[in-house]
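Read through the structure below, which is laid out as structure tokens, and then see the notes.
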Amino acid sequence: MRTLDHQRFPATLSRSFALASAVQHWPERLHHYRWVRILDRIDDTHSVVEMAAWRPFGALRWPTWWVSEMEIDPERPAVRYRHIRGVTTGMQVEWRFAASGDGTEVTIEHVWDGPGWPLIRRPAANWIIGPVFVHGIASRTLSGLARVATGAA
């Protein structure tokens, strides 16, 4: 499974990168996040984070949860995650940032072989988890952070 989500942030690269990498503030900025907890701060660029978000379906909300190793790479700049607990264990995620005119192009790529469920592993990842849950949450995260970047949230 591979998903790509993209959003133009109307902010400088440094502001966009700072908003995206300050995950501990996401729940106060992004209403679909239930919580983000820093479980272990290894150093300034490496942490283990627990995240929980809602995936809305009309009036209903489906709770999601995962734990990731997070690496902040200010030189590239990028933020990388490796999911280590939850249904999406093994998922690799990379946030990439590129200055573009007076804004920043932000792309999130998720790559994953699917859950450890015999027979339905890849269909579950490619048909449901990737397009419905991963894309649904990532697109809302990007849109929300883009609004925060403008000062509108």
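The requirement of being among the polar types (S, T, N, Q), buried (at least 19 other Cβ atoms within 10 Å of the Cβ) and touching a Lys or Arg at 6+ places or on another chain (Cβ under 6 Å) is fulfilled somewhere in the range 58-67, by at least one residue.
Can we say Arg37 is more than 13 Å from the chain's Cα centre (by Cα), assigned to a strand (DSSP E or B) and closer than 21 Å to Ser143 by Cα?
Numbers: more than 13 Å from the chain's Cα centre (by Cα): yes; assigned to a strand (DSSP E or B): yes; closer than 21 Å to Ser143 by Cα: no.
Considered against the rule, which asks whether it is more than 13 Å from the chain's Cα centre (by Cα), assigned to a strand (DSSP E or B) and closer than 21 Å to Ser143 by Cα, Arg37 comes out as no.
Candidates Arg55, Arg61, Arg140, Arg80: the one that is closer than 30 Å to Ser14 by Cβ, basic (Lys, Arg) and out of contact with any Asp or Glu (no Cβ under 7 Å at 6 or more places or on another chain) is Arg140. With respect to Thr89, determine if the residue is closer than 28 Å to Thr12 by Cβ, at pLDDT 95 or above and either surrounded by fewer than 19 Cβ atoms within 10 Å (Cβ to Cβ) or β-branched (Val, Ile, Thr) (or both). Taking the combined requirement at face value, the residue does not satisfy it.
Against the condition under 15 Å from Arg2 (Cβ atoms), in contact (Cβ under 8 Å) with a residue 24 or more places away in the chain and touching a Lys or Arg at 6+ places or on another chain (Cβ under 9 Å), how does Asp113 come out, does it pass? Yes; evaluated as a whole, the condition is true for this residue. His25 meets the conditions (1) assigned to a helix (DSSP H, G or I); (2) in contact (Cβ under 8 Å) with a residue 24 or more places away in the chain in every case but one. The failed one is (2). Out of curiosity, is Trp127 under 17 Å from Gln24 (Cα atoms) and surrounded by fewer than 21 Cβ atoms within 10 Å (Cβ to Cβ)? Considered against the rule, which asks whether it is under 17 Å from Gln24 (Cα atoms) and surrounded by fewer than 21 Cβ atoms within 10 Å (Cβ to Cβ), Trp127 comes out as no. For the condition outside any helix (DSSP H, G or I), under 22 Å from Ala78 (Cα atoms), among the hydroxyl-bearing types (Ser, Thr, Tyr) and free of Cβ contacts under 8 Å to residues at least 60 places away in the same chain, Ser68 qualifies.
Filtered by the rule that a residue be surrounded by 15 or more Cβ atoms within 10 Å (Cβ to Cβ), among the hydrophobic types (A, V, I, L, M, F, W, C) and within 22 Å of Phe97 (Cβ to Cβ), the range 19-50 gives Leu19, Ala20, Val23, Trp26, Leu30, Val36, Val49.
For the range 100-116, indicate whether the set of residues that are under 21 Å from Thr12 (Cβ atoms), modelled with pLDDT under 95 and hydroxyl-bearing (Ser, Thr, Tyr) is non-empty. Yes, some residue in the range 100-116 is under 21 Å from Thr12 (Cβ atoms), modelled with pLDDT under 95 and hydroxyl-bearing (Ser, Thr, Tyr).
All conditions but one from (1) closer than 20 Å to Arg147 by Cβ; (2) of a type outside the set (Ser, Thr, Tyr); (3) touching an Asp or Glu at 6+ places or on another chain (Cβ under 7 Å); (4) surrounded by fewer than 17 Cβ atoms within 10 Å (Cβ to Cβ) apply to Ile108; the one that does not is (4).
The values are calculated or read from the model by the stated rules, or taken from the named source; none is laboratory data. A quick note: this is a predicted structure, and the numbers were derived from the prediction, not measured. Note: ideal-geometry Cβ built from the backbone for every residue, glycine included; neighbour counts use all protein chains shown.
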